[in-house]
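The values are calculated or read from the model by the stated rules, or taken from the named source; none is laboratory data. Worth saying up front: this structure is predicted, and the values here are computed from it rather than measured. No Cβ is skipped: glycine too gets one built from the backbone with ideal geometry, and neighbour counts run over all protein chains shown.
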Amino acid sequence: ANIEEEWIKQKIEDEDILYFEYGKFIEFEKIGKGGFGDVYKAETIDEKKVALKCLRKSSKIEENVLKDFVKELKVLRIISYHDNINSFLGITKDYEENYIMVLEYANNGNLRDYLRKNFCSLQWKDKIQMALDITCGLKCLHSNDIIHRDLHSKNILVNNGKLLIADFGLSKQIAEATSNSTSNRMGMTAYIDPQCLKSVNHKKNKKSDIYSLGVLLWEITSGHPPFRYVEQNMLVYYIGHGNQREKPIDSTPAKYLQLYQECWDDDPEKRPDVDQVYDEIVRISGQLN
Ligand code: ADE
């Protein structure tokens, strides 16, 4: 067995990672596709709902897939206990010995779909709470020196109306991030730091997450994803070189508008850090109560 497999086995043996018997899960329902395989909803015998993220059965890239799987596990183990992070519960193995991640099930799906379905019933206080939820989750990541690198509205899940940051497949601990430059441009273009769009050498950092956060703060006020009518290929020029941003929604309070515009400033130095964003949203929400 390779290093990754040994690591997983050891963690289970040490009871650092909870192991679930696969036979405990019932009522499988496919709900999506993740970075390394399909995602299922399932239930335990005591009717607890979980999300199962399966490792794709693959041939020659298998090793890398397992590497990514373990990388995500390592990040999840650090930050999983926060209210605004999709909790990692443990792992299981199917009958063909494929590893599967067991996650807290979010019953309202992802933020993009949630906004599409519920936008007209959301009040400003709900939206500001959503902004607070995401920022609070990101605060936890950044305080642990983890950068997410792929924040967008499909990677934010909604559980009983509460937002959870999910999908840490591209996330990295900062010490590691400088050693690997392969996936700078991976992610959804409209949420990617323009500095990374302009130059493949620009490494994602905390301020790149802040750019994505700015786009998400806008999206909460608009109810739909950014630049939805623009082709992905065009967006690189549009945003990276043309420095275009989405138009503000008319009813947006001035302080909130100013906040997300600072987050998506072309100059990373001018973007606030996550603690500043958090404090400002708290201030804004206080003002409007
Ligand atoms: N899709 C991906 N992960 C999920 C989760 N934890 N809950 C619900 N849907 C998901």
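Based on what the data block shows, is Phe119 hydrophobic (A, V, I, L, M, F, W, C) and within 16 Å of the ligand (Cβ to nearest atom)? When the stated conditions are applied, Phe119 does not pass them.
Taken over the stretch 83-124, the criterion of being surrounded by 15 or more Cβ atoms within 10 Å (Cβ to Cβ) and of a type in the set (Lys, Arg) is satisfied by Lys93, Arg112. Taking the stretch 109-203 as the region of interest, the helices (runs of 4 or more DSSP H) fully inside it that hold 3 or more residues being modelled with pLDDT under 90 and under 22 Å from Phe88 (Cβ atoms) are 174-177. Scanning the stretch 268-283 for any residue that is without any contact (Cβ under 8 Å) to a residue 60 or more places away in the chain, assigned to a loop (DSSP other than H, G, I, E, B), under 26 Å from Ile128 (Cα atoms) and not acidic (Asp, Glu) turns up nothing.
Residue selection: Lys53 fails the criterion of being at pLDDT 95 or above, within 11 Å of the ligand (Cβ to nearest atom) and closer than 19 Å to Val158 by Cβ.
When Ile239, Ile220 are checked against the criterion of being hydrophobic (A, V, I, L, M, F, W, C), in a helix (DSSP H, G or I), more than 10 Å from Thr189 (Cβ to Cβ) and touching a residue at least 12 places away in the same chain (Cβ under 8 Å), Ile220 stands alone in meeting it.
Kindly establish whether Leu89 is touching a residue at least 60 places away in the same chain (Cβ under 8 Å), within 16 Å of the ligand (Cβ to nearest atom) and either under 15 Å from Phe168 (Cα atoms) or within 15 Å of the chain's Cα centre (by Cα) (or both). Yes. Taking Asp83, is it more than 16 Å from the ligand (Cβ to nearest atom), touching a residue at least 24 places away in the same chain (Cβ under 8 Å), of a type outside the set (S, T, N, Q) and in a loop (DSSP other than H, G, I, E, B)? So Asp83 does not fit the description; no.
Selection of the stretch 224-247 for residues being buried (at least 16 other Cβ atoms within 10 Å of the Cβ) and either within 23 Å of the chain's Cα centre (by Cα) or closer than 15 Å to Trp124 by Cβ (or both) yields Pro225, Pro226, Phe227, Leu235, Val236, Ile239, Gly240, Arg245, Glu246. Pairs are defined by a Cβ separation below 8 Å, a sequence spacing of at least 6 or placement on different chains, a first member in the stretch 14-40 that is more than 19 Å from Val65 (Cβ to Cβ) and among the β-branched types (Val, Ile, Thr), and a second member that is within 11 Å of the ligand (Cβ to nearest atom) and part of a strand (DSSP E or B); the pairs so defined are Ile26/Ala42; Ile31/Val39; Ile31/Tyr40; Ile31/Lys41; Ile31/Ala51.
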